[in-house]
Amino acid sequence: MTLKTNPTQIKLKGLHHFALNVKDMKRSEKFYQQVLGFPVINRTETRSGIKHFEIDTGNVVLALFESPDLDFDSAQRVMTDDGFLHFAFEAKTEQYEDIIQNFKDNDVELDGEPRNHPGGTSIYFYDPDGHNLEIHFSE
């Protein structure tokens, strides 16, 4: 791609949604609804027959596409070992203990110890398909 020296600038509103492949829709829906507390806002199927549903994460929609035959191990290695693909959700610091208890109640293991970052603390964990997720706690 060649960039022009005087490009016409566009101003996008922001990120609308991001999408993840999952092996089992029911298992993923249970995790994202019951463990993380996100409501399902849409269910549909692509023209090629791939089922998917969307959840409202508060400011961005998460679209989950069922791909039972995808080699997740290989795909995860490419996305995480050769880069560091993860998604971060945000919560208030006062929610920390409740979220940790919720994870214990639902057998969700943390990936290491909480990590301090500028502006807050983060915990990392995995969804049922091995997607690396983060919750960033801030004031």
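No lab work stands behind these numbers, since they all come straight from the coordinates. Please read all numbers here as calculations on a predicted model, not as lab measurements. Virtual Cβ from ideal backbone geometry, glycine too; neighbours counted across all protein chains shown.
So here's what we get for this one:
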read-out	value
About the Cα centre, charge dipole magnitude for the range 17-138 (Lys/Arg +1, Asp/Glu -1 at Cβ), debye	360
I41 versus M25: modelled label distance in nm, points set 7 Å from Cα along the beta carbon direction	1.9
Distance between modelled label sites at L15 and Q33, nm, 7 Å Cα→Cβ extension	2.4
Contact order relative to length of the range 17-138, as percent, for alpha carbon pairs under 8 angstrom and 6 or more apart	24
FRET efficiency for N106 and N59, using Cβ-Cβ distance with R0 set to 35 Å, rounded to 0.05	0.90
Positive minus negative residues near P68 (Lys, Arg vs Asp, Glu; Cβ under 15 Å)	-4
Pairwise label distance in nanometres, R115 with Q95, each label 7 Å out on the Cα-Cβ vector	2.0
Cα gyration tensor shape of the range 17-138, rounded if a/c is under 1.5, else prolate or oblate by comparing a/b with b/c	prolate
Above-threshold pairs, the threshold being 27 Å between Cα atoms, out of K13/K92; K51/K104; K23/K92	K51/K104; K23/K92
Net charge over other residues, Cβ less than 13 angstrom from the Cβ of V22 (K, R count +1; D, E count -1)	-2
